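Scroll down for the structure; my scribbles are underneath it.
The values are calculated or read from the model by the stated rules, or taken from the named source; none is laboratory data. Predicted, not measured: the structure shown is a model, and the values here were computed from it. Positions of Cβ are generated from backbone atoms using ideal geometry, with glycine treated the same way; all protein chains shown enter the neighbour counts.
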Amino acid sequence: MADTQRHPRVSALVRDSAGILLIIAIALAALVILAFLLSKTPGKTLWYFFFGPLQNTYYFGNMLNSAIPLIFGGLGVSLAMRSDNFNLGGEGQIYSGAFTATICAIQLAPLGIPGAVLALLAGALVAGFLGGLSGYFRMKWDTSELITSFLISNGVVLMVNYLIAGPFMDTSTNLIATQKIPEAFHLPLILPPSNLSSALFLAVVAVFCVHFYLFKTKMGYELRMSGLNRQFARYGGIDTKLYMVLPMFLSGALYGLGGGIAIYGTYFSCMKEFSTGMGWNGLAVALIAKFKPSAVIPAALFFAYIEAGSRNAMLHSDVTFEIASIVQSVVFFLVTSEVLQRVFGKKGDR
Amino acid sequence: MAYPIPILHSAVNIMTPLLLASMGGLFTELSGMLNIALEGLLLMGAFCGVVFTYYTGSMVLGVLLGILCTMLLSAVLATVTVNLKSNVFITGLAVNLLVSGLTVVLCFELFANKGVVVFDGMPALPVLDIPVLANIPVIGDMLSGHPAFIYLSWLLLAVCHGVLYKTPFGFRLRATGLHPTALASLGIDPNRYRFIAFLISGFTCGLGGAMLTLNLGAFVPNITAGKGWIALVVIFLGNKKPLGLLVAALVFALADAFSNYAQGALNIPADFILALPYVFTLLVMIGFSIYAKKKDSIQS
């Protein structure tokens, strides 16, 4: 092991990913067992699950596309977690961000591209406000941000449902959805015939931005210090109260941005409950990535793959889509386990 | 004013699953674990209770088997959290996610639909009239004529109080949350108490969940509608004491009963009514934390 001793960072990376790979392997094993229990044709189900998303450009592009909101969500959660804040409000934040962006985009159509950017920012702002609210309650009165963010999110999802099905419903279609955003605002498709749009590049840019913010700026350093040890950070002169609210705001804003970009790139109008599950998946992605922005992309791809596989298996075989959430929950169960992580940590590691 | 009495009566009914879930949550809370999985455990109890009632044809047997399944799930949760040393929030979320998926998958397998279980000949909950109590005006109307489960939950609350405050087990459980190392130095394994606390929350949530479905006469997706989360807030508001739980749960149940009434009487959009429990819980929680903070600053 002389080689790894000379490169502690490399060995740490190998060890970390070994733990994650073990967990992913267990989750996939659970899937195989499920297929044999639930399906009359388990071989066919598993084939479509594992290879369906890869069989042609259409499915592959759609899989990549569904990873995009997960990247934004994963970044949002990572940012909050780094500052020791739990943001469980992703569902409401992504939905309200998408809704606000859609409505603003329709109103700001005459402004052209600046209008599109403004509308996206408005969505991010609303979602950020919802997240920041939980942070504010915690800072002010020690209210658990974990529970308030969840409660706010659930309330907001229902409110947006009401707005979409009520005052903002587009009566010219049979869908429960808002009007479509102007065509000039659509993000260009990059892998036809699939839905994959240039939003992918925006997601990669966002990863770089969050990485830079967290690890290369003073504020990012202060944020992480507040997360590691709040008392110590305060003693060192860091305004720890700021880092209860700001990370929650940014976390919500990233979720909201993800929602808005999903509208611009894929959906074009805010359909009722189009984003259900994206918030939780963003959290799962952040957990697998261990709150490292650079690891969010592979983690999001893994999750998108699981979802695409389930959808494919549902289309071509006799299982239902919800098997995806069972596989996801297995990942949730094991991902923070210290014991499993340590399986690969050899003696001598601190 | 004829409205208040039916509202009070249904509030007592609505309160019970909440009370049961928060009772189980109290044990995990006192052992030092914030148990987010209450929601998932309730849903598990709700689903298994009705499914086993269908297959066994007996409600009592169905509920007992449902409780058993929920306890099994909480045992898995406890094993992963306590023995494999995982983050309790994340494993709690895992339970919630697992159950919401599992119920749909099982519904699809067993009943070929996506999450509704309803069948003919579903036994109705037997209703008990309490002889003397029923004759007292208002209080009798409020407290009598409920399914037997409800009275069972009050009995359990008394047992819960007794166990926590009058038995060595209760002392040790509470010590687990306050100072696990002190307990360990006495040669007692705190993890054992955490494990048992999870099992207890599985038991009460199994019962509470079964009450939800049997009351409605069907299992529908998301039947718990955030009750597990509200139960967490009930624990805080109830000051982590059994009697406090009763008061806090009643407050939430009254709000819920009132909003049910408002839905019928006033023409409020359904989404608003559905959102009301969350908004109300949020407001109460913030109000309580302001109060707690003020009290703290006065004492110090």
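Odds and ends about this structure:
- When restricted to residues that are more than 7 Å from chain B (Cβ to nearest Cβ), surrounded by 13 or more Cβ atoms within 10 Å (Cβ to Cβ) and at pLDDT below 80, the range A:330-344 contains 3.
- Filter result for the condition that a residue is surrounded by 19 or more Cβ atoms within 10 Å (Cβ to Cβ) and free of Cβ contacts under 8 Å to residues at least 60 places away in the same chain, over A:262, A:253, A:233: A:233
- Total residues in the range B:1-50, condition in a helix (DSSP H, G or I), over 22 Å from residue B:257 (Cα atoms) and within 14 Å of another protein chain (Cβ to nearest Cβ): 6
- Residue within the range B:151-165 that is surrounded by fewer than 17 Cβ atoms within 10 Å (Cβ to Cβ), touching a strand residue (DSSP E or B) at 6+ places or on another chain (Cβ under 6 Å) and at pLDDT below 85 present: no
- The condition (being more than 19 Å from residue B:148 (Cα to Cα), surrounded by fewer than 20 Cβ atoms within 10 Å (Cβ to Cβ), in contact with a helix residue (DSSP H, G or I) (Cβ under 7 Å, 6 or more places away or on another chain) and at pLDDT below 90) is satisfied by just one residue among B:54, B:3: B:3.
- Tally, over the range B:74-120, of residues that are within 20 Å of residue A:19 (Cβ to Cβ), more than 7 Å from chain A (Cβ to nearest Cβ) and not β-branched (Val, Ile, Thr): 1
- Taking first residues from the range A:151-172 that are within 8 Å of another protein chain (Cβ to nearest Cβ) and partners that are acidic (Asp, Glu) and in a helix (DSSP H, G or I), the Cβ contacts under 9 Å between residues at least 6 apart in sequence or on separate chains come to A:154/A:91; A:158/B:271; A:159/B:271; A:161/B:271; A:162/B:271; A:165/B:271; A:166/B:271.
- The one condition in (1) part of a loop (DSSP other than H, G, I, E, B); (2) in contact (Cβ under 8 Å) with a residue 40 or more places away in the chain; (3) under 22 Å from residue A:107 (Cβ atoms) that residue A:191 fails to fulfil: (3)
- Exactly one residue among A:234, A:224 is among the basic types (Lys, Arg) and at pLDDT 90 or above, and that residue is A:224.
- Any hit, the range A:86-93, residues being within 25 Å of residue A:301 (Cβ to Cβ), of a type in the set (A, V, I, L, M, F, W, C), in a helix (DSSP H, G or I) and in contact (Cβ under 8 Å) with a residue 60 or more places away in the chain: no
- Exactly one residue out of B:273, B:290, B:286 is assigned to a helix (DSSP H, G or I), within 11 Å of chain A (Cβ to nearest Cβ) and closer than 27 Å to residue B:115 by Cα: that is B:273.
- Selection from the range A:196-241 of residues that are out of contact with any Asp or Glu (no Cβ under 8 Å at 6 or more places or on another chain), over 30 Å from residue A:185 (Cβ atoms) and of a type in the set (A, V, I, L, M, F, W, C): A:214, A:215, A:219, A:223, A:225, A:232
- Test for residue A:39: is it buried (at least 24 other Cβ atoms within 10 Å of the Cβ) and small (Gly, Ala, Ser): no
- The one condition in (1) in contact with a Leu (Cβ under 7 Å, 6 or more places away or on another chain); (2) in a helix (DSSP H, G or I) that residue B:240 fails to fulfil: (2)
- Test: residue in the range A:225-242 that is within 24 Å of the chain's Cα centre (by Cα), more than 13 Å from chain B (Cβ to nearest Cβ), part of a helix (DSSP H, G or I) and of a type in the set (Lys, Arg): no
- One residue alone among B:68, B:38 is at pLDDT 90 or above, more than 20 Å from residue B:245 (Cβ to Cβ) and out of contact with any Lys or Arg (no Cβ under 7 Å at 6 or more places or on another chain), and that residue is B:68.
- Across the range A:273-293, a minimum of one residue is classified as buried (at least 22 other Cβ atoms within 10 Å of the Cβ), within 14 Å of chain B (Cβ to nearest Cβ) and not in a helix (DSSP H, G or I).
- Residue that is without any contact (Cβ under 8 Å) to a residue 60 or more places away in the chain and either away from chain A (no Cβ under 14 Å) or outside any helix (DSSP H, G or I) (or both), where the choices are B:223, B:188, B:200: B:188
- For beta carbons closer than 9 Å, sequence separation of 6+ or different chains, a first residue in the range B:104-118 that is without any contact (Cβ under 8 Å) to a residue 60 or more places away in the chain and a second that is part of a loop (DSSP other than H, G, I, E, B) and of a type in the set (Asp, Glu), the qualifying pairs are B:105/A:322; B:108/A:322.
- Selected residue (only one of A:256, A:227 is out of contact with any Phe, Trp or Tyr (no Cβ under 7 Å at 6 or more places or on another chain) and under 18 Å from residue A:280 (Cα atoms)): A:256
- On inspection, residue A:327 fails the criterion of being in contact with a Leu (Cβ under 6 Å, 6 or more places away or on another chain), modelled with pLDDT under 90, at the interface with chain B (Cβ under 10 Å from one of its Cβ atoms) and not in a helix (DSSP H, G or I).
- From the options A:118, A:75, residue that is at pLDDT 90 or above, assigned to a helix (DSSP H, G or I) and within 16 Å of the chain's Cα centre (by Cα): A:75
- The number of residues in the range A:124-143 being at pLDDT below 90 and surrounded by 20 or more Cβ atoms within 10 Å (Cβ to Cβ) comes to 1.
- The set of residues from the range A:38-55 being part of a helix (DSSP H, G or I) and more than 29 Å from residue A:341 (Cβ to Cβ) comprises A:38, A:42, A:43, A:44, A:45, A:47, A:48, A:51, A:52, A:54.
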